[in-house]
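Coordinate-derived values only; no laboratory data. Since this is a predicted model, take the numbers as computed values, not measurements. Cβ atoms come from the backbone with ideal geometry, glycine included; neighbour counts cover every protein chain shown.
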Amino acid sequence: AASEAEGQLSRNFDMLPKSTTPNKLGSSPSSMAQITPSLTTFTCGHVIPPNNVITSCLSTGPTSVKLDFRHSSRSSNQMIDEVGRTIMNMCNVVPSGFVVFLPSYKYESQVFQRWRSTGMLSQIDKLKHIHREPKNSRDVEDALAKYSSEASSPSKKGALLFSVMGGKMSEGINFANDMARCVLVAGLPFPDITDPVLKEKMESLDREFRQRGTGINGQDYYQNLCMRTVNQSVGRAIRHSNDYAAIVLCDYRYSSDMRIWKALPQWLRRGSGAPRSEDASFGKVMKNVRSFFAEER
């Protein structure tokens, strides 16, 4: 019981965005950091070997459209079609189960409506049978059982599950082994900046930061809310020491904004700097993911 509790504690701390831990000591697999005078955290690496996970930032799609999931651009037909083409191509190289996390339920509905009207939905379904996160919590167990059966079946093409970051399947559910050989995260789930409760919280943190000179300010807190959700979603895939998966972060900001890159868990970044722009191109990412699954494990 004690070892299980320690393991859970280490996983929870590893999901903390690294921007919450200023004054990080060095770049070793484990480190200590002081957040406030009364709170110090310890962060350790993951149990899996480095070659059991590949992290790719994807900035452009198959037709070189910039993958920009900000609210102002993500609902355009061009963007929805490009992410659809991206997923179709990934289905050709990802074995077994493939989990896609979208920013919100509303956006998921927009995406499916567009793909249904263009015929893209049926094209994707031919490659991997599509499953969707149910809106009713009572249906989650049944939906997972159906998805798991298809994703893990050696006689089938695998399965594709669409989920929502911060939704019912982004926390507390294990997509171990063949249930998630690839996790694609589309966009960054920043909360509504106009929410009055959030605004008050950010303003309060700003005041405390100015007065004490320690802790985090409102902007850091806002980013941490987003990245904690991303990290929880990504963490669904790697559940034990022999597990392996490809992680694809689908938005140009993952590779262009160093604050976002540094807020990812250390076991995903593996101590490296943010990817170069050429490493975040569709062709390079597809080549790396294909090579990753071609390796014997």
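Just a few scattered comments:
- Using every pair of distinct Cα positions in segment 227-293, the Kirkwood expression returns a hydrodynamic radius of 13.0 angstrom.
- Contact order relative to length of segment 210-297, as percent, for alpha carbon pairs under 8 angstrom and 6 or more apart: 22 percent
- With the Kirkwood sum run over all distinct C-alpha pairs, segment 35-189 has a hydrodynamic radius of 16.8 Å.
- Taking a straight line from the alpha carbon of Lys135, these lysines sit under 20 Å away, with near neighbours fewer than eight places off in the same chain left out: Lys106, Lys146, Lys168.
- Net charge contributed by nearby residues that have their C-beta within less than 14 Å of Arg70 (K/R +1, D/E -1): -1
- Put the Cα centre of segment 138-169 next to the Cα centre of segment 201-231 and the gap is 35 Å.
- The residues neighbouring Arg290, those whose beta-carbon lies less than 13 Å from its own, together hold a net charge of +2 under the Lys/Arg +1, Asp/Glu -1 convention.
- Summing charges over all other residues whose Cβ lies under 14 Å from the Cβ of Lys168, with Lys and Arg as +1 and Asp and Glu as -1, gives -2.
- Anchor Lys287: lysines whose Cα lies under 23 Å away (excluding residues fewer than 8 positions away in-chain): Lys66, Lys126, Lys128, Lys157
- Global dimensions of segment 176-250 from alpha-carbon coordinates: Rg and Dmax equal 16.8, 50 Å.
- Calculated on alpha-carbon atoms, Rg and Dmax of segment 141-183 in Å: 10.3, 32
- Segment 145-297 gives an Rg/Rh value of 1.03, both radii derived from C-alpha positions and Rh following Kirkwood.
- Straight-distance crosslink candidates among aspartates and glutamates, where the alpha carbon sits under 13 Å from Lys156 and sequence neighbours closer than 8 are dropped: Asp125, Asp178
- Each listed q (0.13, 0.16, 0.20 Å⁻¹) maps to a log10 I(q)/I(0) for segment 130-219 from the Debye sum over equal C-alpha point scatterers, namely -0.62, -0.75, -0.93.
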